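Student: After the structure tokens below, expect a handful of questions from me.
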Amino acid sequence: MPNRPAEAEHIRHCPRCAAPSLSWLSEKNFRCSACGFTLFLNVAAAVGVIMECQGKLLFGVRKNDPGKGMLDLPGGFVDPEENAEECARREVREETGIDIPPASYFMSLPNSYHYRDITYSTLDLVYTVSFDQPPPMRAADDLIDLLWILRGKIDLDSIAFPSLREAVRRYLLQPTAPLV
């Protein structure tokens, strides 16, 4: 199968009829010659939320791989029938206990998410939220800790995913509002 993408190496049988007769039409889809089924390998949507308060950004420390022990922005994968803004609110609440105000869209970046021997292509949608005072919070779900880190003290290399590392880098390049 010359066109099969590396991340789809494990896909050998048709998900409809189980025949081992897949023809890779491109890196994005394959067709089963036994039953005619076509499967598209689409990008998964995910969100990350940059939260700032008093010159500090909020990061979670990842509980699991990928990136176990590294910094991450609160966020996660968009569920079916959910928009990105709903996902941002849900994921932040699940991971931090914080009910965020309406978030502002910042940017999107492609990413690869390697989980259990499979690499998923994602599109990470990044939002921003600002607080005047730190909200009550607690690490939960797939985070073991929450850290407010001063803008000038953020080690970009300690952020688990290249897409979120780049989003934080670009966010930090923006002019900051004076502290009240």
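The values are calculated or read from the model by the stated rules, or taken from the named source; none is laboratory data. Just so it is clear, the structure is predicted and the values come from calculations on it, not from any experiment. A quick note on method: Cβ atoms are made from the backbone with ideal geometry, for glycine too, and the neighbour counts reach across all protein chains shown. SASA here: full protein model, heavy atoms, side chains in, ligands and nucleic acids out. Shrake-Rupley method; radii C 1.70, N 1.55, O 1.52, S 1.80 Å.
Student: Identify, please: which residue in segment 89-104 is charged (D, E, K, R) and open to solvent by 30 Å² or more (accessible area, probe 1.4 Å) and is, among those, farthest from Val129 (Cα to Cα)?
Tutor: Step by step, filter segment 89-104, then rank; the result is Glu94.
Student: Report every pair of residues separated by at least 6 positions or lying on different chains whose Cβ atoms are under 6 Å apart, first residue within segment 16-36 and without any contact (Cβ under 8 Å) to a residue 12 or more places away in the chain, second of a type in the set (Ser, Thr, Tyr) and open to solvent by less than 50 Å² (accessible area, probe 1.4 Å).
Tutor: Listed by first residue and then by second, the contacts come to Arg31/Thr38.
Student: Name the pairs whose Cβ atoms lie under 9 Å apart, with the first residue in segment 110-129 and over 18 Å from Pro74 (Cα atoms), the second of a type in the set (S, T, N, Q) and in a loop (DSSP other than H, G, I, E, B), and 6 or more positions between them or separate chains?
Tutor: Sorted first by the residue in segment 110-129, then by its partner, the pairs are Ser121/Asn42.
Listed here are the residues, each with its yes/no results for (1) among the small types (Gly, Ala, Ser); (2) at pLDDT 95 or above.
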residue: Glu91; (1), (2): no, yes
residue: Glu95; (1), (2): no, yes
residue: Leu109; (1), (2): no, yes
residue: Tyr115; (1), (2): no, no
residue: Ser121; (1), (2): yes, no
residue: Leu125; (1), (2): no, yes
residue: Met137; (1), (2): no, yes
residue: Ala167; (1), (2): yes, yes
residue: Pro178; (1), (2): no, no
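Student: Filter segment 135-164 for residues that are open to solvent by 60 Å² or more (accessible area, probe 1.4 Å), in contact with a strand residue (DSSP E or B) (Cβ under 6 Å, 6 or more places away or on another chain) and of a type outside the set (A, V, I, L, M, F, W, C) and give the result.
Tutor: Hit for segment 135-164 is Asp145, nothing else.
Student: Mind checking which residues of segment 9-24 are within 28 Å of the chain's Cα centre (by Cα), open to solvent by 60 Å² or more (accessible area, probe 1.4 Å) and either of a type in the set (Lys, Arg) or at pLDDT below 85 (or both)?
Tutor: Glu9, His10, Arg12
Student: Now for a different question. Condition first: outside any loop (DSSP other than H, G, I, E, B) and in contact with a helix residue (DSSP H, G or I) (Cβ under 9 Å, 6 or more places away or on another chain). Can you find one or more residues in segment 92-106 that meet it?
Tutor: Checked against the condition, which is being outside any loop (DSSP other than H, G, I, E, B) and in contact with a helix residue (DSSP H, G or I) (Cβ under 9 Å, 6 or more places away or on another chain), segment 92-106 yields at least one hit.
Student: Still on this structure, please answer the following. I'd like the residue in segment 71-83 that is outside any strand (DSSP E or B) and farther than 16 Å from Ala167 by Cα and, out of all such residues, is most open to solvent (accessible area, probe 1.4 Å).
Tutor: Glu81
Student: Let me ask something additional. Looking at (1) open to solvent by less than 80 Å² (accessible area, probe 1.4 Å); (2) outside any strand (DSSP E or B); (3) in contact (Cβ under 8 Å) with a residue 12 or more places away in the chain, which is the one condition that is false for Glu86?
Tutor: Evaluating Glu86 over (1) open to solvent by less than 80 Å² (accessible area, probe 1.4 Å); (2) outside any strand (DSSP E or B); (3) in contact (Cβ under 8 Å) with a residue 12 or more places away in the chain leaves (3) as the failure.
Student: In segment 115-134, which residues are exposed (fewer than 13 other Cβ atoms within 10 Å of the Cβ) and either touching an Asp or Glu at 6+ places or on another chain (Cβ under 7 Å) or part of a strand (DSSP E or B) (or both)?
Tutor: Tyr115, Ile118
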